[in-house]
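Report on the following structure.
The values are calculated or read from the model by the stated rules, or taken from the named source; none is laboratory data. Computed from a predicted structure; not experimentally measured. All Cβ positions, even for glycine, are placed from backbone atoms using ideal geometry, and neighbour counts span all protein chains on display. The area values use the complete protein model at the heavy-atom level, side chains included, leaving out ligands, DNA and RNA. Shrake-Rupley method; radii C 1.70, N 1.55, O 1.52, S 1.80 Å.
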Amino acid sequence: MSLYKNKNLRTILGTLVVLTAFVVFTEMTLRTIVPVAFIFFAVMGHDVVDETYDLPEGTNWFAYGASVVVVGAYFAVAGPTPWVGSLIALAGLWFVFDGATTIRYEPSLSTHEYVADIDDADMGEAMLRMQTLNVVYRGLEDAPEPKTATELAADLDLTESRVERALEFLDTKGRVEQMGNQYRAEPPQWGRVTPVVQFFSWLPRRIVRPFRRVAANA
């Protein structure tokens, strides 16, 4: 029973079954599946050690990046297209650098309390929080005028505390605007393509973040 309750062991066994099925029932070979398995088990090894020793934030990226570097070097030497392996190894080096600078200089961004403990919550609670965010935002979007948390909770048949926490989180993300004790939905700046625009504006900042950490602490 203790082995059954071990999440890491269940994940490892489940992954072994999936990888075996790929080899048996598809055209994937051991040569192509080994790099994927190596990355997975390297990340799993980090998770097991992290649960025991509470490793600093950033070690996950470091471990993942190191495994990607090894896989990239493998493809660069033994693969049919060495330049692809070199690009993979280069990407892995970025993850290593990002993880190392995070460990050295601490995380540059804080996580809102609404989602900070979501990994520790059960899956049902995590899904409920995400659903609450969507329901609260849609409720404000459909409302003809700004609403208080109390009014919104009554309209949506939710507890006031859940609505208040969701509104606080949405406010930090710029999805709602607070006016006194009332809130109104902020429409997406670029309509339906807002997530795409936000991603391409976020990506360059994310790439240079570890370099900025080093420069700021030089």
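Annotations for the structure displayed:
- Projected label points at F41 and V208, each 7 Å from Cα along the beta carbon direction, are separated by 4.1 nanometres.
- For the set W61, W94, solvent exposure ranked by accessible area (probe 1.4 Å, protein chains only) runs largest to smallest as W61, W94.
- Exposure of E106 as accessible area (Å², to 10), given a probe of 1.4 Å and all protein chains: 130
- Angle of helix 82-105 to the longest C-alpha principal axis of the chain, folded into 0 to 90 degrees and rounded to 10: 60°.
- Listed values (1) 17.9, 53; (2) 23.0, 81; (3) 22.4, 64, entry calculated as Rg and Dmax of the Cα atoms in Å: (3)
- Stretchable slack from T159 to T172, in nm (0.36 nm times residue separation minus alpha-carbon distance): 2.6 nm
- Peptides 172-182, 188-198, ordered by how many other C-beta atoms sit within 10 Å of their residues on average, highest first, read 172-182, 188-198.
- Ordering F38, A126, L87 by Cα displacement along the dipole of the chain toward the positive end leaves L87 in first place; charges were set at the Cβ atoms of Lys, Arg (+1) and Asp, Glu (-1).
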